[in-house]
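Comments concern the structure below.
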Amino acid sequence: MIFENGRFFVSDTPLSQEDICRFSPEELSPVPSYNQLSISLDITDRCNLNCIHCSRGSRRPTDNSHELKAQEISSFLGQLRDTKVISVMGGEPLCRPDIVHLLRCFSESGHEIDLVTNLTILDNSHIACFAAPNLNLVVSLDGICASTHDAIRGAGTFEKTKLNLCRLVDVGLADKITISMSVMRFNQSEVSRMLEFGTALGISRFHFPRLKCEGNAKWNWAHIALSVDDEIVLMKLLYKTMKSSKVRISGSTYNLMRPLLLGHMRFGCPSLGKNVAIDAQGNVYPCGGFMSPDNSLGNLRDHGMSLESLLTDNPILQKFQEIIRHRSELVKARSNCPWRFLCAGGCPACAALNTGNLMNCDSHCSVYRTFFDTYVLDNSHDERF
């Protein structure tokens with residue numbers, strides 16, 4: 001089975017929607033091996049900002065004495081087998097006092113590293129570390145002007161981030177940078193200009209994370225959350241951008257688009273068995289959407305900082321995976337959506353967060369359905385949108 005020009009084909013025969021749904025999950029999405037694992041690693045809970053959409057917000061610990069030490073993180077890196085990518089996060093990673101030492105540890109590990117930062121902090125020692133070939137930056141920029149960005153992240157943050165971003169570009173690091181924009185109700189009109197701004201700097205990668213209704217975001221949800229119609233408009237804009245340029249776009253909802261462009265479709269939960277999240281104290285979780293004590297798979301310190309040891313035959317992870325598989329079957333059985341065999345109800349973490357029950361369908365179901373209807377079966381989408 002192949003996907004070409006907006007249609008699935010077996011040999012030379014195009015498939016209908018009903019044909020697609022007859023394929024098993026295994027045919028649509030191979031199970032990844034351990035060395036394809038993506039890891040989200042919080043190295044600190046400290047942060048110099050208090051953004052209105054932060055999913056941590058007031059839940060961020062004030063006692064940092066239990067954070068993983070540099071030598072523990074170094075041991076963790078040394079025991080990892082090949083992984084897809086390690087996203088280094090916080091808090092704000094650059095707030096950590098020993099960050100330069102840690103950046104050197106990351107660069108010497110040989111693993112692909114994405115450092116997620118608000119980039120309001122930057123000095124020459126940071127820049128020297130950023131030049132390492134395996135270290136990339138994901139820079140948070142939520143508006144194309146100070147009035148928008150500062151309303152989200154705090155007064156004066158736009159000028160600091162923009163200045164530091166330009167400093168990195170000036171020393172030839174543009175190809176190592178991804179701009180991350182959290183799209184909300186009052187900055188959605190600036191998405192096109194953000195793409196233009198980044199492209200003009202030589203930046204070709206953009207990330208649009210999905211907002212999580214917890215922490216500060218929960219208290220501001222009525223004012224920041226996009227409507228379903230807004231999400232659909234955004235998805236169409238980003239899809240057109242990806243088709244017509246070399247820009248790369250990622251983000252939980254928008255990750256649906258790249259498989260279509262590359263000629264294959266993924267099935268169900270995109271994180272199941274592919275991602276793990278680690279908090280600043282060394283607790284490991286099935287993914288970044290399930291980072292609560294109830295979902296902890298264990299602590300790295302109890303396994304000699306070996307992730308493989310912690311995950312191998314882990315009964316909590318096996319139970320979690322079984323629940324998610326059962327959810328997929330339940331969604332298929334009780335839903336009449338023709339695309340339920342592909343999305344399997346969407347993100348279980350978002351369903352749990354937004355509806356209180358992970359067995360429910362993701363609140364983005366109508367967004368997914370519009371996307372599949374428009375771009376999977378309709379060959380004329382370029383003219384229509």
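The values are calculated or read from the model by the stated rules, or taken from the named source; none is laboratory data. No experiment lies behind these values; they were computed from the predicted model shown. Ideal geometry is used to build each Cβ from the backbone, glycine not excepted, and the neighbour counts take in all protein chains shown. SASA here: full protein model, heavy atoms, side chains in, ligands and nucleic acids out. Shrake-Rupley method; radii C 1.70, N 1.55, O 1.52, S 1.80 Å.
If the reach is capped at under 25 angstrom between alpha carbons, list the lysines near Lys246, excluding any in the same chain fewer than eight residues apart.
Answer for Lys246, where 25 Å is the Cα cut-off: Lys84, Lys162, Lys176, Lys236, listed by chain and number.
Can you figure out the FRET efficiency of Glu196 with Asp302, using R₀ = 45 Å and their beta-carbon distance, to the nearest 0.05?
Numbers: r = 49 Å, r/R0 = 1.09.
Efficiency, from the Cβ-Cβ distance: 0.40.
Local charge sum around Ala225 (other residues, Cβ-Cβ under 15 Å, Lys/Arg +1, Asp/Glu -1)? Walk me through the numbers on the way to the answer.
Numbers: positive: Arg185, Arg210, Lys212, Lys218; negative: Asp142, Glu214, Asp229, Asp230, Glu231, Asp362.
With Lys, Arg at +1 and Asp, Glu at -1, the net is -2.
Provide the FRET efficiency to the nearest 0.05 for the Ile127-Asn48 pair, computing r from the beta carbons and using R0 = 25 Å. Could you put the intermediate results ahead of the total?
Numbers: r = 18 Å, r/R0 = 0.74.
In this case the efficiency is close to 0.85.
Tell me whether segment 134-220 comes out rounded, prolate or oblate; compute the Cα gyration tensor, take square roots of the eigenvalues as a ≥ b ≥ c, and use a/c under 1.5 as the rounded threshold.
Numbers: a/c = 1.79, a/b = 1.62, b/c = 1.10.
Cα axes put segment 134-220 in the prolate bin.
Under a crude label model (7 Å from the Cα following the beta-carbon direction), how far is Asn64 from Lys243 in nanometres?
4.7 nm
Whenever you get a sec, compute what percent of the accessible area on segment 78-169 sits on carbon and sulfur atoms (1.4 Å probe). It would help to have the intermediate numbers written out before the result.
On the way: 1840 of 3510 Å².
Roughly 53 percent of what the probe reaches on segment 78-169 is carbon or sulfur.
Given axes a ≥ b ≥ c from the Cα gyration tensor, I'd like to know whether segment 40-104 is rounded (a/c under 1.5), prolate (a/b larger than b/c) or oblate. Mind showing how you got there, number by number?
Values: a/c = 2.15, a/b = 1.63, b/c = 1.32.
Note, shape of segment 40-104 comes out prolate.
Check which residues have an amide H placed less than 5 Å from Gly298's amide H, if you skip close sequence neighbours.
Val284
When a/c is below 1.5 the answer is rounded, else prolate if a/b is larger than b/c, else oblate, so apply that to segment 154-205 with a ≥ b ≥ c taken from the square roots of the Cα gyration tensor eigenvalues.
Numbers: a/c = 2.44, a/b = 1.36, b/c = 1.80.
In terms of gyration-tensor shape, oblate.
Near the amide H of Thr178, under 5 Å away, which other amide H atoms are found, from residues 5 or more places off or on another chain, if H is placed in the peptide plane?
Leu137, Val138, Val139
Give the relative contact order (percent, whole number) for segment 73-142; include only Cα pairs under 8 Å separated by 6+ residues.
Numbers: 86 pairs, mean separation 24.1, N = 70.
Result for segment 73-142 is 34 percent.
Taking the simple approach of a point 7 Å from Cα along Cα-to-Cβ for both Met359 and Lys84, what is their distance in nm?
Simple spin-label model gives 2.9 nm for this pair.
Assuming R0 = 30 Å, what is the FRET efficiency of Val233 and Ala146, from their Cβ-Cβ distance, to the nearest 0.05? Mind showing how you got there, number by number?
Values: r = 25 Å, r/R0 = 0.84.
Taking R0 as 30 Å, the efficiency between Val233 and Ala146 is 0.75.
Quick one: if you stick a label point 7 Å off each Cα along the C-beta vector at Ile316 and Arg369, how many nm between them?
3.6 nm
Leaving out ligands and nucleic acids, and using a 1.4 Å probe, what accessible area per residue does segment 39-121 come to in Å²? Could you put the intermediate results ahead of the total?
Numbers: 3490 Å² over 83 residues.
That works out to 42 Å² per residue.
Under a Cβ-Cβ cut-off of 10 Å, what is the net charge of the residues other than Pro348 that fall near it, where Lys and Arg count +1 and Asp and Glu count -1?
On the way: positive: Arg327; negative: Asp362.
For residues surrounding Pro348, the net value is 0.
Does a label point 7 Å from the Cα of Phe186, set along Cα-to-beta-carbon, have any residues of segment 213-243 with amide nitrogen under 18 Å, and which are they?
Once the point is set 7 Å along Cα→Cβ of Phe186, 216-227 turn out to lie under 18 Å by backbone N, inside segment 213-243.
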